[in-house]
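The values are calculated or read from the model by the stated rules, or taken from the named source; none is laboratory data. Worth saying up front: this structure is predicted, and the values here are computed from it rather than measured. Virtual Cβ from ideal backbone geometry, glycine too; neighbours counted across all protein chains shown.
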Amino acid sequence: MHKGVNATNIVLIPKVQNPKRTNHFWPISLCNVMYKVISKIIVNRIKPILPKLIYPTQAAFVPGRNIQDNNVLVQEIIHSFNRKRGKEGFFAIKIDLMKAYDKLSWGAINQVLSCFGIPMKFRNWISQCVSTTTLSICLNGGQVGTINPSCDLRQGDPLSPYLFIWTAEILSRLLNCALDKNNIKGIRLSRGGPILSHIFFADDLILVGRANVDEVRGYWQCLESFCSWFGQQVNKLKTSIFFSKNTPRGLRQEIKDMLAGRATLIKSVGLSMPMYAMQNTKLSNRMASRIDSMVRDFWWGFEKDNHGLYLKAWDKLCLPKSLGGLGFRKTREMNRAFLAKWGWNILNGSQSLCCRVLTAKYLRGKEFLNCASKSSDSWFGKNVIKSRTILEKGACKIVADGRETRIWEDPWIPHLKDFKPKPRTSNTGVHTFVADLISSDGRWDVHKHNSLFDRVTVLAILRGGIPSGLGQESGFGHLKRMGISPANLLISLSRWRELPNVFWLLPFWNKLWNSKVLERHKVLWLCILSNALPLRSVINKRFHIEEVRCPLCGREEETVEHLFLTCDIALHVWLSSPWDLRATIFPVPAPCLEQCWSPPPQGWIKLNCDVRVGLDSMCLAAMARNHLGEVVKVHTACWISLMRFVGKRRLAVWPSLQP
């Protein structure tokens, strides 16, 4: 098709009064009259077969169907929701696809047509109509520029809505397949009535099902598969959910939190949007702080000019999940890490054109780790060279034949702190390169090692294995080989000295985040263990308030321990659960009515022990006695811990008892 026939003018129709952004306009395509004739001929060929291919849930643009039918169905669904009784509730989600027409790929359209058995010749006609277009924007009474699109369907093209409903039919098939596999169950508005799972209004989608987490997850998996195949994206800000009258409030909130995914939104949108600019531009501290402030306010649910109480420091939320944080990343650290990645490529001798230019311009034969920036360097060159302070924390030279690796200046021992050896004496000897420490058979010369280095250095060298002895030094590595991506590694290195000394909690936090529970429950546990809940005791420490007692029982101060353990309401909840729990959380002292301890047989030692577990500490006591009842040994200890089994394990390794 000639490009002149398919030339299109784009007119921007405002959606709101006083539009200021591009998303405040509708881009309407004014197609050529000749093209519209061709497009309508193709549409007339398509229409007769649509009722046989498109499920009845799609009523728009399908001959013989009325879109008002779906309007009536939605009204009946809402009516049934308002009258619903019983244990199980229903939900309805109105899905808004972000720029549904604009993001549809032409290749995906061709694949869909092929799956429906459309002949190749007819597919080529459609491809010519879609892919040969050129766009010009009408602005201020004239045409501005020419755009050659690589995807999208034009709003205003008679063919576009039919191609879109053909594509949306894939989602309908996915949902029906999940219905057949019992992954979703849908709803019935009356006994014996047809099952409803979805209703489509062209590009507006409504999903209906039973109000439980598994059902919602099944629907969402189908939707995510469809979006990943066709380049679509759900606009969560415009997506809404409606529940039947009998759906419990707690379940409603649980489902909404699962769909909202605030932490996921922060990581996938809030922290990823500035990522492209941070690849090669150093943001100012003010800009980085402003981005962090916006993300922080979104996490705590604060709106503009309406700030509340930050219950946990942002620095702690940005810790890795294994250290008690949520894995968020500070903008400034991400920026530094991305710039350091350029230094990492230069350090490893990347042969890309950009790295070769930077190496020739700024290094001039010097080692990158020993290079200093000059005032005449560009701002980018200065920032890349400054990134060496981050790389020095994790860059270790990979030794091959050792002829280019200096013993005392270069980092080359991967299992040693700072990667540089420590001399045994002040006399470092005549050896200069690592090659001098390798014997003729390609192994380490241990005798030279013992004469030059201290014991820790020698063990670290031997632990790293023998050098390859092949070729020249192959650059820098070590931490990179642990499976960490360079960007994540550099972010970790930039904060390494700031991390708290809580590595003993790694198993606990990993167990929490790997557990098969909802994400909101994991976040709740994090808030409980971090004392980051808006309790009256916490608020009173920052702002003096008159009433600090528990609003449920009114007896004690509202703390984490009281709210979840000792409050009468909490005790009632615990004891009403199906678990076998004691009547009291903490033991109540009582007089000894009967002495039941009995001595062990002669030659044996009996060990009695007990463990007390608190929220942030743990104590154990053990007493050993012989067959005469005499005390042989007593052991007590306290640790900062959170798990009862830790105490049992500590006790198991108690030193052997001697009578």
### Query
Quick check: is even one residue across segment 142-153 in contact with a strand residue (DSSP E or B) (Cβ under 7 Å, 6 or more places away or on another chain), surrounded by 15 or more Cβ atoms within 10 Å (Cβ to Cβ) and modelled with pLDDT of 85 or more?
no
### Query
Restricting segment 504-515 to residues that are assigned to a helix (DSSP H, G or I) and touching a helix residue (DSSP H, G or I) at 6+ places or on another chain (Cβ under 8 Å), which is surrounded by the most Cβ atoms within 10 Å (Cβ to Cβ)?
TRP509
### Task
Check segment 54-64 and report whether any residue there is of a type in the set (Phe, Trp, Tyr) and in contact with a helix residue (DSSP H, G or I) (Cβ under 7 Å, 6 or more places away or on another chain).
yes
### Task
Look through segment 72-94, keep the residues that are more than 21 Å from ALA59 (Cβ to Cβ) and in contact with a helix residue (DSSP H, G or I) (Cβ under 9 Å, 6 or more places away or on another chain), and return whichever of them is surrounded by the fewest Cβ atoms within 10 Å (Cβ to Cβ).
GLY89
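Report those helices (runs of 4 or more DSSP H) wholly inside segment 318-414 carrying at least 1 residues which are under 23 Å from ARG290 (Cα atoms).
Details: elements: 331-347, 353-358, 379-386, 388-391.
Passing ranges, in order: 331-347, 379-386.
Please specify each residue of segment 543-554 satisfying the condition of being modelled with pLDDT under 85 and either over 36 Å from the mean Cα position of the chain (by Cα) or not in a loop (DSSP other than H, G, I, E, B) (or both).
HIS544, ILE545, GLU546
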### Task
Would you point out the residue of segment 1-53, among those that are charged (D, E, K, R) and assigned to a loop (DSSP other than H, G, I, E, B), that is modelled with the highest pLDDT?
LYS15
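Per-residue answers, yes or no, for (1) out of contact with any strand residue (DSSP E or B) (no Cβ under 8 Å at 6 or more places or on another chain); (2) more than 27 Å from ILE42 (Cα to Cα); (3) part of a strand (DSSP E or B); (4) outside the structural domain of ASN32 (by TED's automatic domain parsing):
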position	(1), (2), (3), (4)
PHE81	no, yes, no, no
GLY86	yes, yes, no, no
VAL112	yes, no, no, no
VAL130	yes, no, no, no
CYS138	no, yes, yes, no
### Task
Any residue in segment 69-92 that's more than 15 Å from ARG252 (Cα to Cα): show its pairings with residues that are of a type in the set (S, T, N, Q) and exposed (fewer than 10 other Cβ atoms within 10 Å of the Cβ) at Cβ separation under 9 Å, as long as the two are six or more apart or on different chains.
SER80/SER190
### Query
Is it the case that segment 303-312 has a residue that's in contact (Cβ under 8 Å) with a residue 60 or more places away in the chain, in contact with a Ser or Thr (Cβ under 8 Å, 6 or more places away or on another chain) and surrounded by 12 or more Cβ atoms within 10 Å (Cβ to Cβ)?
yes
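Looking at segment 197-204, can you tell me whether even one residue there is closer than 21 Å to ARG252 by Cβ and among the aliphatic types (A, V, I, L, M)?
no
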### Query
For PHE164, are the conditions met, namely being surrounded by fewer than 19 Cβ atoms within 10 Å (Cβ to Cβ) and closer than 24 Å to VAL130 by Cα?
no
### Query
Quick one: in segment 240-261, which of the residues that are at pLDDT 80 or above and of a type in the set (S, T, N, Q) is surrounded by the fewest Cβ atoms within 10 Å (Cβ to Cβ)?
SER240
### Task
Only residues in segment 7-24 that are surrounded by 10 or more Cβ atoms within 10 Å (Cβ to Cβ) count as the first member; pair them with residues that are of a type in the set (D, E, K, R), Cβ under 7 angstrom, at least 6 apart or cross-chain, and list the lot.
THR8/ARG154; HIS24/LYS15
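Checking the conditions here, which among LEU163, LEU159, LEU205, LEU223 is assigned by TED's automatic domain parsing to the domain that holds THR133, farther than 15 Å from LEU97 by Cβ and aliphatic (A, V, I, L, M)?
LEU159
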### Message
Consider segment 416-450. How many of its residues are assigned to a helix (DSSP H, G or I) and surrounded by 14 or more Cβ atoms within 10 Å (Cβ to Cβ)?
### Response
7
### Message
Condition first: at pLDDT 80 or above and either charged (D, E, K, R) or not in a helix (DSSP H, G or I) (or both). Now tell me which residues in segment 516-535 satisfy that.
### Response
LYS522, SER530, ASN531, ALA532, LEU533, PRO534, LEU535
#### Entry: Unique residue being over 20 Å from ILE46 (Cα atoms) and either of a type in the set (S, T, N, Q) or not in a loop (DSSP other than H, G, I, E, B) (or both) when the list is GLN155, GLN143
GLN143
#### Entry: Residue, surrounded by the most Cβ atoms within 10 Å (Cβ to Cβ), within segment 190-232, restricted to residues that are touching a strand residue (DSSP E or B) at 6+ places or on another chain (Cβ under 7 Å) and at pLDDT below 85
GLN232
